[in-house]
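Shown next, in structure tokens, is the structure this report addresses.
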């Protein structure tokens, strides 16, 4: 019987044959944390070991509250910098880098066949490069720092095949919101998700990262795109080390195989207050918005900013509009390409790379009764700091178009 | 871990996410578990923390704890007094966080259907039974690793015991 990608990878790590549902103790190649590294370091100290077992496997990237909006966040950052120094952690990226899920990929840690875990639910993102990557809890990160390993259940795999050609008003975000709308927020609970099909093969790495990032919103343990030439080209001169691509066997057993044709889907919107509360954009067209947010670990990459700039060129925004590039590398390239100038001329605010207001900590929190149309991955009640506010989710094209009109608008109008 | 206990039920619906269990605005504030407990279910049931008693039981629908990986969503609930959570299903990181915090998370869709909000329910961890007014329901035993973590009242103590 053939093996799935995750069965192979976890088998190699465990040094034996493994099957779905088995529990194994294995060593991740990299373990990520961000601003929560301060809390994790406190837990780590309680375990009673002095030194991190494999400091070169630890990656810490500050992104959630940067620059520090208040004293407590500043203290948090300070504790992390001290810990990094004391433990000799060389893979530390301070507040001048960007969102962890973007920086980790840009820096070449995400490679095919690697196991990467992190204390952030969107750690699923690195599967776009053929890695297995999964979110874990803070105590679990502390445990890995101390011992180098952690328990995992080998997941079953749900295969999602995406066929068809994207119309010019459709982006990977529309596709993934559509899929989540069909399979719901628990559609992939405890499972690995493998994304394949002609539409996926045609995507660049940044676009594939939208799918694997949003795999978390289906409940998946990890999202995975089989590596190909696009992956290898991206990793050329970037990969941190050697790697071996792993693939599911032809006769691997999947829990389900779902096929979608996206040639004729409308732009997608997730209505408040859950990501699976899907509709085609026409259903909510005309809904007034106070704020538009373009950025986050889902849609803050160059292809997203290019899409938004295409719409906003020569226009003026009615809604207050926040643009947050996912990293300073993205920021710089967007600057070179003239996208940032387009945003500023349109009346948008370009903020420093980071998580921004996505989780309601700073840089654009909402007031009661307000509506934000966002390219982020979550629209839960209270997510952007106010429980009496509404968040709609959509693509960078749709959010940019809606920023201009001040109401939810089909991006086709400006293309 | 106590093998058998009885508690009053607080019952909620499907897809309860970690943002309403423990709002994101608090996640990067340094807090002790007792302080976290004051915000448990803040955006779901604002009166919860003033009503819940030590040893109560939380019952929920499917996909409980979906969303963010924030561990405080499990720790806050535990320190608010909740002894065990029974749900139709759990989001995977929440399930891990609950176990790693030393709080059993039991999947039993049948029991959730049967249990009424406010009733007293008895759970026998050794036998794998949930005893409700509408019948007794069984659940499979945890794998050995998970059992050991619960017996040590959480992952950190478990790791300490191994080192």
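The values are calculated or read from the model by the stated rules, or taken from the named source; none is laboratory data. This one's a predicted model, so the numbers in the text were calculated from it and none came from an experiment. Reconstructed Cβ throughout: ideal geometry from the backbone, glycine too, with neighbour counts over all protein chains shown.
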Open item on the list: Being surrounded by fewer than 24 Cβ atoms within 10 Å (Cβ to Cβ) and either within 14 Å of chain B (Cβ to nearest Cβ) or modelled with pLDDT of 95 or more (or both): is that true of residue A:210 here?
Closed with: no
Open item on the list: Step by step: first the residues of the stretch A:213-233, then only those that are away from chain B (no Cβ under 14 Å) and over 14 Å from residue A:131 (Cα atoms), then the one that is surrounded by the fewest Cβ atoms within 10 Å (Cβ to Cβ). Which residue is that?
Closed with: A:229
TODO: Assess whether residue B:141 counts as being touching a helix residue (DSSP H, G or I) at 6+ places or on another chain (Cβ under 8 Å) and more than 14 Å from chain A (Cβ to nearest Cβ).
DONE: no
Open item on the list: surrounded by 24 or more Cβ atoms within 10 Å (Cβ to Cβ), in contact with a strand residue (DSSP E or B) (Cβ under 9 Å, 6 or more places away or on another chain) and touching a residue at least 60 places away in the same chain (Cβ under 8 Å): is that true of residue A:354 in this structure?
Closed with: yes
- [ ] Could you look through the stretch A:330-341, keep only residues that are surrounded by fewer than 23 Cβ atoms within 10 Å (Cβ to Cβ) and in contact with a helix residue (DSSP H, G or I) (Cβ under 6 Å, 6 or more places away or on another chain), and pick out the one that is farthest from residue B:24 (Cα to Cα)?
- [x] A:333
- [ ] Output the residues belonging to the stretch B:16-53 that are farther than 25 Å from residue A:79 by Cβ, without any contact (Cβ under 8 Å) to a residue 40 or more places away in the chain and within 11 Å of another protein chain (Cβ to nearest Cβ).
- [x] B:20, B:42, B:43, B:44, B:46
TODO: Scan the stretch B:54-64 residue by residue and report those that are more than 10 Å from chain A (Cβ to nearest Cβ) and within 17 Å of residue B:22 (Cβ to Cβ).
DONE: B:58, B:60
- [ ] Being outside any helix (DSSP H, G or I) and crowded, with 17+ Cβ neighbours inside 10 Å is the filter here, so list the residues in the stretch B:32-48 that pass it.
- [x] B:39, B:40, B:41, B:42, B:43, B:44
Open item on the list: Conditions first: (1) touching a helix residue (DSSP H, G or I) at 6+ places or on another chain (Cβ under 7 Å); (2) over 30 Å from residue A:297 (Cα atoms). Residue B:65 passes all but one, so which condition is the exception?
Closed with: (2)
Open item on the list: So if I check each of A:295, A:286, which one is touching a strand residue (DSSP E or B) at 6+ places or on another chain (Cβ under 8 Å), under 30 Å from residue B:43 (Cβ atoms) and surrounded by fewer than 15 Cβ atoms within 10 Å (Cβ to Cβ)?
Closed with: A:286
- [ ] Could you tell me whether residue A:327 is surrounded by fewer than 22 Cβ atoms within 10 Å (Cβ to Cβ), under 17 Å from the mean Cα position of the chain (by Cα), at pLDDT 95 or above and within 16 Å of residue A:206 (Cβ to Cβ)?
- [x] no
Open item on the list: Going through B:105, B:114 one at a time, which residue ends up being modelled with pLDDT of 95 or more and either in contact with a helix residue (DSSP H, G or I) (Cβ under 9 Å, 6 or more places away or on another chain) or buried (at least 22 other Cβ atoms within 10 Å of the Cβ) (or both)?
Closed with: B:105
Task: Residues within the stretch A:336-373 that are over 16 Å from residue A:399 (Cα atoms) and part of a loop (DSSP other than H, G, I, E, B), tallied - done: 16
- [ ] Could you list, in sequence order, all residues of the stretch B:49-70 that are over 14 Å from residue B:85 (Cβ atoms), at pLDDT 95 or above and surrounded by 14 or more Cβ atoms within 10 Å (Cβ to Cβ)?
- [x] B:49
Open item on the list: So for the stretch B:5-15 (the condition being buried (at least 24 other Cβ atoms within 10 Å of the Cβ), in contact (Cβ under 8 Å) with a residue 12 or more places away in the chain, over 30 Å from residue A:363 (Cβ atoms) and touching a strand residue (DSSP E or B) at 6+ places or on another chain (Cβ under 6 Å)), does at least one residue qualify?
Closed with: no
Open item on the list: Within the stretch A:44-83, take every residue that is without any contact (Cβ under 8 Å) to a residue 40 or more places away in the chain and within 16 Å of residue A:31 (Cα to Cα) and give me the one that is nearest to the other protein chains (Cβ to nearest Cβ).
Closed with: A:62
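Matching residues to (1) over 19 Å from residue A:358 (Cβ atoms); (2) modelled with pLDDT under 95; (3) in a helix (DSSP H, G or I):
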| site | (1), (2), (3) |
| --- | --- |
| A:20 | yes, yes, no |
| A:28 | yes, no, no |
| A:32 | no, no, no |
| A:67 | no, no, no |
| A:75 | yes, no, yes |
| A:78 | yes, no, yes |
| A:81 | yes, no, yes |
TODO: Please tell me if residue A:220 is in the same structural domain as residue A:120 (by TED's automatic domain parsing), in contact with a strand residue (DSSP E or B) (Cβ under 9 Å, 6 or more places away or on another chain) and touching a residue at least 12 places away in the same chain (Cβ under 8 Å).
DONE: yes
TODO: Please give the number of the condition residue B:152 fails out of (1) more than 24 Å from residue B:40 (Cβ to Cβ); (2) within 13 Å of another protein chain (Cβ to nearest Cβ).
DONE: (1)
Open item on the list: Here's a check for you: in the stretch B:89-137, which residue that is more than 14 Å from the chain's Cα centre (by Cα) and assigned to a helix (DSSP H, G or I) is farthest from the other protein chains (Cβ to nearest Cβ)?
Closed with: B:114
Task: Verdict on residue A:188 being within 14 Å of chain B (Cβ to nearest Cβ), touching a helix residue (DSSP H, G or I) at 6+ places or on another chain (Cβ under 6 Å) and in contact (Cβ under 8 Å) with a residue 40 or more places away in the chain - done: no
Open item on the list: Anything in the stretch A:148-173 that is under 29 Å from residue A:402 (Cβ atoms) and surrounded by 24 or more Cβ atoms within 10 Å (Cβ to Cβ)? List them, or say none.
Closed with: A:160, A:162, A:170, A:171, A:172, A:173
Open item on the list: Tally up the residues in the stretch A:122-144 that are within 12 Å of the chain's Cα centre (by Cα) and either surrounded by fewer than 24 Cβ atoms within 10 Å (Cβ to Cβ) or in a strand (DSSP E or B) (or both), please.
Closed with: 3
- [ ] Give the residues of the stretch B:138-156 that are touching a strand residue (DSSP E or B) at 6+ places or on another chain (Cβ under 8 Å) and in a loop (DSSP other than H, G, I, E, B), sorted by residue number.
- [x] B:139, B:143
